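Have a look at the structure below, then the notes.
The values are calculated or read from the model by the stated rules, or taken from the named source; none is laboratory data. These numbers come from a predicted model, not from an experiment. Neighbour counts are summed over all protein chains in view; Cβ atoms, including those assigned to glycine, are modelled from backbone coordinates with ideal geometry. When the accessible area is computed, the model is the full protein with side chains, heavy atoms only, and any ligands, DNA or RNA have been set aside. Shrake-Rupley method; radii C 1.70, N 1.55, O 1.52, S 1.80 Å.
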Amino acid sequence: MRDDDENLKDANHSSESPGVSRRDFLKISGISVAVPLVAGPKMVMAAGQQVPVYGPGKVPMEFAINGKNHKADLEPRVTLLDALRDQFELTGAKRVCDRAECGACTVLMDNKPVYACSVLAIEAQHRPITTVESLIEGGNLHPVQRAFVENDASQCGFCTPGFVVSCKAFLDSHPHPTPEDIRRGLSGNLCRCGTYEGIRKAIAQVAQKGA
Amino acid sequence: MPDYAWPDAQHRTLIGARVTRVDAPVKVSGQAKYTYDVHRPGMLYGKVLRSPYAHAKVVSIDTSAAEKMPGVKAIHIVQGPGSTIHWAGDDIVAVAAVDEPTAEDAVRAIKVKFQQLPHLVSDAEPPKGSAQEEGPLSIDAIDDMLDNQVPANQMVSTIQRDGLIKKASDEDLNMLKADGATDAVLEAIRSATLHPEASAKPPSNYQKAAAQTVGDPDKAFAEADAVSEGMYGIPVITHCCLESHGSISEWTDHEHLFTHISTQNVSGIPGQMAEPLKIPATNIRVHQDNIGGGFGSKFSPDRWGIFTAEVSRKAGGKPVRIMLERDTELKVAGARPSAYARVKVAAKNDGTLVAWQSSSWGTGGPGGGGMPPIPYVFRVPNQRQEHTAIRNNIGPARAWRAPNHPQAAVLTMCALDDLAAKLNLDPVEFFGRNLNLTQQREHTYREELSIASELMGWKQKWHPRGQNASGDTARGVGLSFHTWGGRGHASDCDLTIHPDGSVELKMGSQDLGTGTRTCILMVAADTLGIPMDAIQLQIGDTTYPPSGGSGGSTTIGGVTSSTRRASVDARDAVFAKVAPALNVQSDQLECVNGKVMVKGDSSRFLSWKEACSKLAVMPVTMRGKNPDKNKPPDLTNSGVGGVQMAEVEVDTDTGIVKVKKMVAVQDCGLVIDLKTAESQCHGALIMGISYSLFEEKVMDPVTGRMLNADMEFYRLAGLNDIPELVVHMMTGKGYDERGVIGLGEPPVISPGAAISNAVANAIGVRVPFLPLTPDRVLTALEQKAGA
Ligand code: FES
Ligand code: FES
C-alpha cells in the first residue's frame, strides 16, 4: 500500500497535476466525517494517463459468483475473500493466513485457482468466480468431494474446502497425474490436522476413475 | 440389571468396523459452519491493539480520536495504565466497529505509551550459578507435578517446604483433584504456608522446578560397562490451529449472553465466563457446530473471549466478532513448552539399563513450566533428575497434544539410542532387552515392537551407525516408544426414542475432527439395531447435557460410555413395551437390522417403527452418564502403549532430511471406528514430521518479538513432505476387552524421537535439537568430521 502511494505521489508530481494527491486525500478523509458513503472514482493523472482512483470509502461493485450476479458497496481495500465471506455468506473459503501462504481460501477465478485472500474484490469484478459451494450439482457431490469423503481426507475440515477446490483445478489440468505431479501441484495448500494421506488417496482414486 | 457391557465381536454390527466419517460431506462441500463463519444480524467486527513489547508497563492510553470515528461502536480498555505486560502481542484495547476496515482504522488511531522493561525470550541453558529460586509454589507448578507423576509423598514434602504463592480456591482444588491429586496432597495445599509477597517481588527467571533421586545412581554409574552422555532438546512450537481462537458474543438481554466460540470445551465455557462477567453460568449459552483445530489450546474462553462479551455489552448487546489475526494466533494463542537436557545413561554390556541422570531445563513462558516425565516409559532402576524452569517473555504455554510427552520421548529415547550405538547394539534388540522396565505395558510393547519391525523391514534396513551411505546420501532408521492414559471423561447425554421410531441424541460435546460424531452414532446405532442415519445427533451446545472438554484423549471413552448406557436403557424401555405383544419376557428380545425380535426366533419380530409405536404417545428419554458406578461395567480404561519407526534419507551435502517411511503401531483398547482411528494416527505422524523437521517459534532477543509469526516462516509440513505411512491398530483379544481408550495424543508423541534416531543412524552422529534443519545437520556433520 505504502509503495503504491509513494509511486502515485511521484507520478503526480512529475506530471504536476493540480488538486489533491491521493495521499493527501487519504489523510483528509481518514479523519473526516464528511466522506460520502459511496464515492465514485476520482480521475487523477498517473504516468501521463488519466486513471480512476476508487475510494476511500465504499464504492459499488459487481461480481459474477457461481454463475450469479452479486452486488455490494465495498471499500477498495476489501479482499475477494472477505467479500465472499462477509457480504455474500459464502463461507466455504476460509481465512487462515490472509496472505497467500496456506491455500484455505482457494477459489477459482477465470477457472484458475487463486488465493482469494490476496485478490482485491475490486479487481475480481465481472470475472467468473467459482467457490466450493458450487461444486455440488443437483445435490450430488463432485467426484473430488466424493473421493475426499471415502478416503477420510478431512479431520477438522477447516483446510478442506480450499483443498477440494485446488484438487479439482489440479485434476482438470492434470487428468493423469504422476505422484510427483501430485506432490508439486498441491504444495500450495496446508493442513494442520495432517489429512495429506487421505488427500493423496482421494486424488489417486479420482485420477484412476476419471472425474 | 441391564447388560451395558460392550457387545463381543460376534454381536457387533458397527463397533470396530471401518465407517466413513458422518460429517465428511458437509465439510468437503463447504457447508460446515465454524465459529469464524458465523454471521449474526447486525454483527460488529472487533480488532485489538496489542503490545509491541515483550515486557512493558502501560503508561497512558488515548482513545479520543478513535471514539470520534464514524462506524466505531465500542472501545474497551483491556489492560489500562499501570498494567504490566509480559509478552509481545498481549491485548491492550479492543474496538468494535461496523466493519473490519473501520475497526482497523480505529485501532490505528489509538495512542498508547509504554515504558519498556527488560525482557528475556531465550530458553538457552541457564548460566552456571544463575539465581535458582526455590518456591513458593503456584497452583500451576503443582499441576505440573501431577502431570509429571511426581510421587504424592514427594509432592507433600515440597509443598510443606516451599509453601504457596496464594491460597488455593475451591476451584483450584477441584481442578487438582480432577488431575489426580491425592487427599494428602490436597490437605498439604490447604494447610500450606502462604507467601503472597512472592508474587509481588519480581521473580527470578530461573526456578528449580524438580529434583529427585531414585536408587543409587552414583554406584550404578561406577559399576556400569558403558556410559553415554549427550545433550538433547525440543524447542517451543505453536499450535497454529487453522481456525484461530475467537468468538462472537451477544447479549440477548441485560443478563443473558449468547456466545459462539471456537472451543474444545463447550460445556466448560459458561463456568469460566460467569465470574468475570458477573452473571450466573446458567445465563450463558455457548454454541459451536465445528472447530477448526484446537490441539490443546482451546479449553478456556481466554481473556479475549471475556472482553468480546464486554465489548458487546458496551455496544448495546450487539453481536461482536473477535477472531485472532494469524500473527497473533502464533504469538499468543498457543505454545508447546520447550525441553532440553544433558543426559547421562549407563548399561551393562548386554544392554541392561542401570542408571539415568539428567539435568534439564525449558520454558513454558511466564509460568516457567515443569519437568517432562523422564526417563520416559523405561523405569531405569537408578535415577537422578533436576529441572530448571525458565520464566520468560515468549508468551504463555498451553497444553499441546500429549502435554510433556513428545519432549520426554525425545530426551529419553534419543539418549537411550545413543547408548545402544555405543554398545554396538541394534536398537530393536537393546530396547527389547529392557522392556521389563516398562512394567504393565511390557507385553503390549513386545508385540508392537515385533509388528513394527516387520512393517518397517527393520532387519534389512538397519545398519550400524553411519554405515548406510552412498555418495552424498545417507539412510537410516530409528524407533521410539510412548505411553498415555486416555480414560474417558465425565459425559452426560440424553437419548430420546419417539413413538414414530425417530431417535435423537443430545450431548454438550464437540467433534474436533477426531470422529466424535461418527463414533457416538456408531455406538447408538449398534445398540438400537438401526442405521446411523436414523439417529439425529446434536452436539455443541450448552442446552444439551454437559460432556467434558476434549483434551488428553478423554473424549472417545467418555462419549461412547454415556451413549452406550443411554442407548441400552432406552432400548430396554422399548423392550418392556414390546414384550407383551410378542409374548415373551423383555430380556428375551434383541435389536437387529431395524427389527425388535425374539432372540433365536427370527420369525417373531416387530419392525423398529412398530415396536416404538408401543410407546403410545410419550417419547422415552434416557440419561446416559459416564462414569456411572450404578451401571457397571466400567466401559473405558486407561493406559496405552505405542511403537513407531522412521526411515530417513539425509543429503549430506545440503543437510536436508527427508522422511521416507513411518510406521505406527498403536493400541487403544476397543477401537470404535477403525477408519477414523487410522486417520488419527496418520494425522499424528504428519504433525510429528512437521515438528521434527520444520517447526520452531523463533524469538528475537533484541525486540522480544516472535520472528516467524506467519505461515511462510513458521513452516508446517506440506503434502510434499509426507512419505509412505503405515498404521497398524492393535485390536482383538487382549485389547478389545479393555474397553474404550483415547487415541488423540499417543501417536503424536514418538515421531520426534524416532526421526531424530533415524537421522543419527544415517549420518553417524546425533543432531541434538529438533527441528532437524539443514544447518543443524551440517553442523553436526562438521563436528563429527572435526572430532
Ligand atoms: S488465507 Fe489465503 S492463502 Fe491462507
Ligand atoms: S483437516 Fe484440520 S486443518 Fe486440515
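Observations on the structure shown:
- In terms of accessible area, using a 1.4 Å probe and ignoring ligands and nucleic acids, B:622, B:69 rank largest first as B:622, B:69.
- Label-point gap, in nm, between residue B:784 and residue B:213 - each point 7 angstrom along Cα→Cβ: 3.7
- For chain B: rounded, prolate or oblate by the Cα gyration tensor [a/c cutoff 1.5]: oblate
- ³J(HN,Hα), Karplus 6.51/-1.76/1.60, whole Hz, each residue of segment B:647-655, x for Gly, Pro: 10, 10, 10, 10, 7, 6, 7, 9, x
- Taking 0.36 nm per residue of sequence separation and removing the Cα-Cα distance, the residue B:17/residue B:117 pair yields an extension gain of 30.1 nm.
- Phi-based couplings in Hz for segment B:456-470 (Karplus 6.51, -1.76, 1.60; Gly and Pro marked x): 7, x, 4, 4, 6, 8, 7, 10, x, 3, x, 10, 10, 10, 9
- Computed over Cα pairs, the Kirkwood radius of segment B:572-725 leads via Stokes-Einstein (1.002 mPa s, 20 °C) to a diffusion coefficient of 99 µm² per second.
- Cα centroids of segment B:582-643 and segment B:207-223: 55 Å apart.
- Part-to-part distance (alpha-carbon centres) for segment B:488-533 and segment B:676-735, which is given in Å: 31
- Between residue B:254 and residue A:126, the distance separating the two model label sites (each 7 Å from Cα on the Cα→Cβ line) works out to 5.5 nm.
- Taking only alpha carbon atoms, segment A:136-210 gives an Rg to Rh ratio of 0.93, where Rh is the Kirkwood radius.
- Prolate/oblate/rounded call for the protein assembly as shown, Cα gyration tensor, a/c under 1.5 rounded: rounded
- Neighbouring partner chain Cβ atoms per residue of B:679-688, average, 10 Å criterion: 5
- Across segment A:136-210, Cα pairs under 8 Å and at least six residues apart give a relative contact order of 48 percent.
- Within 10 Å of each Cβ in B:712-722, the average number of Cβ atoms from other chains: 6
- In the B-A interface, the accessible area buried, summed over both sides, Å² (probe 1.4 Å): 4600
- Near-label residues of segment B:527-566 by backbone N, under 16 Å of a point 7 Å along Cα→Cβ of residue B:621: B:536-547, B:566
- Of the residues B:741, B:596, B:240, the one whose Cα sits farthest toward the positive end of the charge dipole of the protein assembly as shown, with +1 on the Cβ of Lys and Arg and -1 on the Cβ of Asp and Glu, is B:596.
- Rounded to whole Å, sorted largest first: equivalent-ellipsoid semi-axes of segment A:59-134, Cα gyration tensor: 17, 14, 11
- For segment B:285-354: accessible area per residue (Å², 1.4 Å): 26
- Measure of compaction for segment B:424-512 (Cα Rg per 2.2 N^0.38 Å): 1.94
- At least 20 Å² of accessible area lost relative to the chain alone, listed for segment A:74-99 with a 1.4 Å probe: A:75, A:77, A:85, A:86, A:89, A:91, A:94, A:95, A:96, A:97, A:99
- Pairs exceeding 20 Å between alpha-carbon atoms, taken from B:47/B:331; A:58/B:318; B:577/B:609; B:459/B:784; A:168/A:201: A:58/B:318; B:459/B:784.
- Amide H contacts of residue B:54: B:88, each under 5 Å away and 5 or more positions distant or on a separate chain (H built 1.01 Å from N in the peptide plane; Pro and chain starts excluded).
- Taking amide H as placed 1.01 Å from N in the peptide plane, the amide H of residue A:61 sits under 5 Å from that of A:72, A:73, A:74, each at least 5 places away or on another chain.
- Dipole of segment B:256-335 [Lys/Arg +1, Asp/Glu -1 at C-beta], most positive-end residue of B:324, B:308, B:335: B:308
- Under a 5 Å amide H cut-off, with hydrogens placed 1.01 Å from N, residue A:46 pairs with A:51 among residues at least 5 apart or on other chains.
- With a Förster radius of 45 Å applied to the beta-carbon distance between residue B:31 and residue B:57, the computed FRET efficiency rounds to 0.40.
- With the helix formula -39500 (n - 2.57) applied to DSSP H stretches of n ≥ 4, the protein assembly as shown reaches a computed 222 nm mean residue ellipticity of -9000 deg cm²/dmol.
- Accessible surface of segment A:136-210, 1.4 Å probe, proportion on carbon and sulfur as whole %: 49
- For segment A:136-210, size of Cβ-based charge dipole, Lys and Arg +1, Asp and Glu -1, in debye: 100
- Full-extension gain in nm, residue A:71 to residue A:181, via 0.36 nm per residue minus C-alpha separation: 35.8 nm
- About its Cα centre, segment A:55-146 has a charge dipole of approximately 120 debye under the convention of +1 per Lys or Arg Cβ and -1 per Asp or Glu Cβ, with nothing else charged.
- Paramagnetic label reach from residue B:630 (point 7 Å along Cα→Cβ; backbone nitrogen cut-off under 18 Å): within segment B:5-29, residues B:5.
- Lys/Arg +1, Asp/Glu -1 at C-beta; segment A:59-134 dipole; positive extreme among A:63, A:74, A:113: A:113
- Per residue, the average separation of C-alpha pairs within less than 8 Å and at least 6 apart gives chain B a relative contact order of 16 percent.
- Note that segment A:59-134 presents 39 Å² accessible area per residue, ligands and nucleic acids not counted, probe 1.4 Å.
- Cα→Cβ-extended label distance, 7 Å offset, between residue B:437 and residue B:460, nm: 3.2
- Residue by residue, segment A:114-121 carries 3J(HN,Hα) couplings of 9, 7, 5, 6, 10, 10, 6, 3 Hz when phi is fed to the Karplus relation 6.51 cos²θ - 1.76 cosθ + 1.60 (θ = phi - 60°); x denotes Gly or Pro.
- Burial ranking of peptide ranges B:495-504, B:166-175, B:391-400 (average Cβ count within 10 Å, highest at the top): B:391-400, B:495-504, B:166-175
- Summing charges over neighbours of residue A:80, with a neighbour being any other residue whose Cβ is under 10 Å away from its Cβ, gives 0 when K and R count +1 and D and E count -1.
- For the residues of B:511-519, the average number of beta carbons from a partner chain within 10 Å of their own beta carbon is 2.
- Dipole check for the protein assembly as shown: with +1 at the C-beta of Lys and Arg, -1 at the C-beta of Asp and Glu, and the Cα centre as origin, the magnitude is about 580 Debye.
- With 0.36 nm allotted per residue and the present C-alpha distance subtracted, the residue B:660-residue B:3 stretch has 231.7 nm of extension available.
- Per-peptide average of other Cβ atoms within 10 Å, ordering B:205-212, B:298-305, B:76-83 highest first: B:298-305, B:205-212, B:76-83
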